[in-house]
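Trainee: I have a structure I would like to understand better, so I am pasting it below and will then ask my questions one at a time.
The values are calculated or read from the model by the stated rules, or taken from the named source; none is laboratory data. It should be emphasised that the depicted structure is a prediction, and the values quoted were computed from it without experimental measurement. Virtual Cβ from ideal backbone geometry, glycine too; neighbours counted across all protein chains shown. All accessible areas refer to the heavy atoms of the entire protein, side chains included, with ligands and DNA or RNA removed. Shrake-Rupley method; radii C 1.70, N 1.55, O 1.52, S 1.80 Å.
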Amino acid sequence: MESSEKAKKQYQDMVEIYSPKSKIATDCLRAFLCGGAVCAFGQFLSNTYLSYTGSKETAGALTAVTLIFLTVLFTGLGVFDKFGKLAGAGSFVPITGFANAMSSPAIEFKREGLVMGIGAKMFTVAGPVIVYGCLASMVVGLFYYFLK
Amino acid sequence: MRHHIGEQTIRFESRPAITAVASVVGPKEGEGPLGQLFDKVEPDMMAGTQSWEKAESDFARQGIDLAVKRAGLEIKDIQYILAGDLLNQSIGSTFGVRSFERPFFGLFGACSTIGEALALGAMLVDGECADNVAISASSHFCAAERTFRFPLELGVQRPLTSSWTVTGDGCMVISSEGEGPGITAATAGKIIDMGIRDANNMGAAMAPAAADVLVRHFQDLKITPDYYDAIATGDLGRYGLEILKRLMEERELPLGDRATDCGVMIFDNETQDTHAGGSGPACSAVTFASYFYPRLKEGVIRRMLFIPTGALMNSMTSQQGESIPAIAHAIAIESQ
Amino acid sequence: MDYLKAFVVGGLICVVGQILLDKTRLTSARILVLFVVAGCLLGGLGWYEKLVEFAGAGASVPLPGFGNALAKGVKKEIDENGFIGVLTGGFKSMAAGVGAAMLFSFLASQIFSAKEK
């Protein structure tokens, strides 16, 4: 097998032709419908909580907590991954994706123990979200502090 | 180098015989097109143990145990066990063979392991270093997913070029005496890397390695593909097999209809949603043991070339952006 | 009406994620990080809050909304507690969500086992 850069490039072009493309139109439609449904359900929760508590902020927090609870429950029951396969980004872009990313490794790695199993692995996907979310909020905070 | 021919090939004059085989698989494989052919289908992915890793080791233990019995031998008649798998430090094999208390060589060739084991086992027997050698290759879908990809319950869409790791163990006994199809030649592959980086397209990464070893095999032995009744690669999958056929046409050694791939044979993508096909060390091992071995024995297939293929990256090299080195070994097996 | 707005806007944000997933080599984990950071920066500029006012849960439930909440939180903390708010604001505003996810995930790990596929 010739392995010059030119041969590699040629081979990679050929692989492109032989590899099936994901069906982006169908994928997007499913992401739109499923993601939209999750958000509409969130709106329903938010409206309900608002009418009971009267506080927008509390209603928002309770909505997030409820969605997280349901996601973790369905992850544990072994059905969330099927929703994820169907919905694609429609399942992981809403807060449900964050909850699934924390609960699935926690369940998966329980045999490795409470500390290095559940405790550590819970943050393999969620950890980076928290780290970069916090860092971004600090950047925002710095600008806000000096420019306000 | 009495047995060495050409650049990379060994001819085994004594034709070490594969006297027995065993295939033990998980439930999904049992539901697949080869389901009826396997020796044992475990209904439980956990195989009655407490973890996926233990289950994989138990598959390996069962496979070796069954093959040795079928060969009419006892485990103490086996001079060497050669085995490998996908898990870190090959724990699937080492934990599986520890109760046998026999000399052991652990192999790593990823999904090409059974090819590596066939070549080395035949060398041991042909070189009169052993009368009987047991070889085994195992993998487990759940253990592989958590080691290399994502937790099982994470909701992800698998790309269409991705493959499904076969759960099970394929074992064979190679003997200097006894009945069975003989190993006549082995061409050991080089590491070939054509710069494919996508770990979800391993068929494309491995196809050039298969093409390279095939061309070398035909040149070293001065034969053409039509010498063989069947040419079966390990786990290139649907798209990788097409790429290999095209590569061989470009080299004017077209494989034609005799070419197939164990990864394509073991699952039915329409009903089992396995995308490109099966993969993992067990994929080629159990497909050979359940489908090709009986046909070689009956003489339905007289000569076959078996080319287990392996992608030799790990999750760390993928994260570091390295391309995927691949390997393939070509093993010629002929019925008596 | 607010349900329709939530559905359409939330759905469209997910479509952006799906396009990134299919058209680039980005994994879902990277897209999550990207969306939270983007939401936080847009929230810092005050733009994302306008989308939340328009679409409600359609903008706050997807992960950019999580990022936006961090930006809002850090501003509030700075207003109340001064410079130390730069460090504490983000963390405080994600406390309810992350705390709930931690608690539920831990409980789930004690009750459930991963199912074979």
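Trainee: Once you have the Kirkwood Rh of the stretch B:4-175 from its Cα pairs, apply Stokes-Einstein at 37 °C and 0.692 mPa s and quote D in µm²/s.
Mentor: For the chosen part, D equals 197 µm²/s.
Trainee: Right, here's the next one. Round to a whole angstrom and tell me the spacing of the C-alpha centers of the stretch A:56-122 and the stretch B:118-165.
Mentor: Taking the Cα centre of each part, the stretch A:56-122 and the stretch B:118-165 sit 31 Å apart.
Trainee: Next question, about the same structure. On a straight-distance basis, which lysines could pair with C:LYS117 in a cross-link, Cα separation under 26 angstrom, same-chain partners fewer than 8 positions away excluded?
Mentor: Of all the lysines, those that pass the test against C:LYS117 - Cα under 26 Å, at least 8 places apart if same chain - are A:LYS21, A:LYS23, A:LYS82, A:LYS85, A:LYS110, A:LYS121, B:LYS28, B:LYS40, B:LYS54.
Trainee: Under a cut-off of 14 Å between alpha-carbon atoms, report the aspartates and glutamates in cross-link reach of B:LYS69, not counting same-chain residues fewer than 8 places apart.
Mentor: B:ASP39, B:ASP77
Trainee: As an exercise, use a Förster radius of 35 Å and the Cβ-Cβ distance of A:THR48 and B:ARG158 to find the FRET efficiency, rounded to the nearest 0.05.
Mentor: 0.45
Trainee: Mind ranking B:GLU29, B:GLU177 by accessible surface for me, highest first, 1.4 Å probe?
Mentor: B:GLU177, B:GLU29
Trainee: Any idea how far apart B:THR49 and B:GLN36 come out in nm if each label point goes 7 Å out from Cα toward Cβ?
Mentor: Going from the B:THR49 label point to the B:GLN36 one covers 3.1 nm.
Trainee: Oh, and also: What does the charge add up to near B:THR94, with Lys and Arg as +1, Asp and Glu as -1, over the other residues with Cβ less than 14 Å from its Cβ?
Mentor: -2
Trainee: How far apart, in nm, are two points set 7 Å out from the Cα along the Cα-to-Cβ line at A:LEU142 and at B:THR317?
Mentor: 3.9
Trainee: Under a straight-distance cross-link criterion of Cα-Cα below 28 Å, which lysines are reachable from C:LYS50, leaving out those fewer than 8 residues away in the same chain?
Mentor: Result set, ordered by chain and number: A:LYS56, A:LYS148, C:LYS5, C:LYS72, C:LYS75, C:LYS76, C:LYS92.
Trainee: Same structure again: Using the Karplus curve 6.51 cos²θ - 1.76 cosθ + 1.60 with θ = phi - 60°, what ³J(HN,Hα) values do you get for each residue of the stretch A:76-84, in whole Hz, with x for Gly and Pro?
Mentor: Whole-Hz 3J(HN,Hα) from phi for the stretch A:76-84: x, 6, x, 10, 5, 5, 6, 4, x.
Trainee: Could you pull out every residue, at least 5 positions away or on a different chain, whose amide H is within less than 5 Å of the one on B:THR184? Hs are placed 1.01 Å off N in the peptide plane, and Pro or chain starts have none.
Mentor: When sequence neighbours closer than 5 places are left aside, the close amide H contacts are B:ALA332, B:ILE333, B:GLU334.
Trainee: Given R₀ = 60 Å, FRET efficiency for C:MET1-B:PHE108 by Cβ-Cβ distance, to 0.05?
Mentor: E between C:MET1 and B:PHE108, to the nearest 0.05, is 0.45.
Trainee: Might you report the magnitude of the Cβ-based charge dipole of the protein assembly as shown about its Cα centre, with Lys and Arg at +1 and Asp and Glu at -1, to the nearest 20 debye?
Mentor: Dipole about the Cα centre, nearest 20: 1620 debye.
Trainee: Within 12 Å, Cβ to Cβ, of A:GLY141, how many net charges do the neighbouring residues add up to if Lys/Arg are +1 and Asp/Glu are -1?
Mentor: Counting the neighbours of A:GLY141, the net charge comes to +3.
Trainee: Okay, next question. Rounded, prolate or oblate: which fits the stretch B:1-102 when a ≥ b ≥ c are the square roots of the eigenvalues of the alpha-carbon gyration tensor, with rounded for a/c under 1.5 and prolate only if a/b beats b/c?
Mentor: prolate
Trainee: Still on this model: Given R₀ = 30 Å, what would the calculated FRET efficiency be for C:LYS115 paired with A:VAL115, taking r from the Cβ atoms and rounding to 0.05?
Mentor: The pair C:LYS115/A:VAL115 has a calculated efficiency of 0.80.
Trainee: Please compute the average number of Cβ atoms from other chains found within 10 Å of each residue's Cβ in peptide B:42-55.
Mentor: 1
Trainee: Further question: Let me know the mean shielding of C:72-84 by other chains, meaning the per-residue number of their Cβ atoms within 10 Å of its Cβ.
Mentor: So the per-residue partner count for this stretch is 3.
Trainee: Here's a follow-up. Going by the alpha-carbon gyration tensor, a ≥ b ≥ c the square roots of its eigenvalues, is chain C rounded (a/c under 1.5) or, if a/c is not under 1.5, prolate (a/b greater than b/c) versus oblate?
Mentor: Cα axes put chain C in the oblate bin.
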